[in-house]
Every structure is written in C-alpha cells, then in structure tokens.
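I have placed the structure first, in the form of structure tokens, so that the comments after it can refer back to it.
The values are calculated or read from the model by the stated rules, or taken from the named source; none is laboratory data. A quick note: this is a predicted structure, and the numbers were derived from the prediction, not measured. In this analysis, Cβ positions are derived from the backbone assuming ideal geometry, glycine residues included, and neighbour counts consider all displayed protein chains. Remember, those area values only see protein heavy atoms, side chains included, never the ligands or the DNA or RNA. Shrake-Rupley method; radii C 1.70, N 1.55, O 1.52, S 1.80 Å.
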Amino acid sequence: MHRRSRGFTLIELVIILIVMSILAGLGVSALTGGAVAFNSTTDAIDTLSELRVAMQRMSREIREIKRNAGGYAISTMQPGTLTFTKADGTQVTIGPNAAGSRVMLSYSTVPGSYTLCDQLASLSFHYYQADDTTAATNTSNVAFVSVELVLGSGSATYAQRTQVALRNGL
C-alpha cells in the first residue's frame, strides 16, 4: 500500500499565492487611500489656518486707519489693494504680490513687504458708507471695509469674508 505523504501540491500553493496577492493588493489600496485622505485633510487644515490668520491680521490693521477731519486716511481704495495711514502715522499697504500668488503687507516705517498668506486665489476690498449697503465713493464717506480672501489648495478653494467697521475717532 502506498501511503500518501502529507503536504501541499503545487496547484494548491499557486492558488494560495494568488489569493494572498489579491488580498495584499486590496490592503495596499486601502492604506494608500487613507494616506491620500490624510494628506488632503492636512493640506486643507493648513490652508484654513493660513486663511484665518491672514484675515485676522488684515482686520487688525484696517481697524487702525487714522481718521482725518475730511474722512479716513485711505490713500488707495482699489478693489484689490488698500493703502492707508494708521493712527501712529505709519502707511500700510495690503495687496497681492506682483505674481498674484501671495497677499503682502507693507509698512512705510519698516522696509520690505511681509507675506500674510500664499496660495492666493483672489483678494477683494469693498468700501461701504454708514448705512452698510451703499458703496462708498471717496474716503470721506467710508464707514466699513469688507475684505474677501480666497485661498486655493490643490483643486479646492477656501473663502472667508469679513467686514471691518472703521472706528478711530477724530
């Protein structure tokens, strides 16, 4: 009598290798998807944090606009750039860099420009009168400055808008 030896046949081993390869492929794709989701979430959080910090800084600076007898000391009231004088006499410019990829903050008392944020998609300023609906036509009737900042990260964009009431008295 022939006794069968214990073990696996070649066909059984090949089938097990194929099944294990398929399971490993599924596991790798699941881990890769998780890593991609983690990276995109991290990028979004970083962009939103940068957006928040830039908006807070611009709001603080705009609140310091000096008020003159004829209105506020705003030199440039353009849709994409705001130039004004603070109560301490420092001239401040907020606007995009030449390439349009960063929001820059410049002071007359400190040489150079400082980056508030990168990944700029758009920056716009709107100027309103005291009724908060009518567009201001000049510096004498500006009461509110509305700032809208949109940053892009990959294919996503993140927007934030804030309105600053000018408050420095005469």
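At-a-glance table
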quantity: Some residue of region 130-141 being of a type in the set (Ser, Thr, Tyr), open to solvent by less than 60 Å² (accessible area, probe 1.4 Å) and in a strand (DSSP E or B); calculated: no
quantity: Strands (runs of 3 or more DSSP E) contained entirely in region 1-114, each with at least 1 residues that are under 29 Å from the mean Cα position of the chain (by Cα), exposed (fewer than 15 other Cβ atoms within 10 Å of the Cβ) and hydroxyl-bearing (Ser, Thr, Tyr); calculated: 74-77
quantity: Condition broken by Tyr127, with the remaining ones in (1) in contact with a helix residue (DSSP H, G or I) (Cβ under 7 Å, 6 or more places away or on another chain); (2) farther than 30 Å from Ser40 by Cβ; (3) surrounded by 17 or more Cβ atoms within 10 Å (Cβ to Cβ) satisfied; calculated: (1)
quantity: Matching residues in region 153-170 - criterion: being part of a strand (DSSP E or B), of a type outside the set (Val, Ile, Thr), surrounded by fewer than 16 Cβ atoms within 10 Å (Cβ to Cβ) and in contact with a strand residue (DSSP E or B) (Cβ under 7 Å, 6 or more places away or on another chain); calculated: Ala159, Gln160, Arg161, Gln163, Ala165
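Rundown of residues vs (1) modelled with pLDDT of 90 or more; (2) in contact with a His (Cβ under 8 Å, 6 or more places away or on another chain); (3) hydrophobic (A, V, I, L, M, F, W, C); (4) more than 30 Å from Tyr114 (Cα to Cα), yes/no style:
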{"site": "Leu17", "(1), (2), (3), (4)": "yes, no, yes, yes"}
{"site": "Ser40", "(1), (2), (3), (4)": "no, no, no, no"}
{"site": "Glu50", "(1), (2), (3), (4)": "yes, no, no, no"}
{"site": "Val53", "(1), (2), (3), (4)": "yes, no, yes, no"}
{"site": "Gln56", "(1), (2), (3), (4)": "yes, no, no, no"}
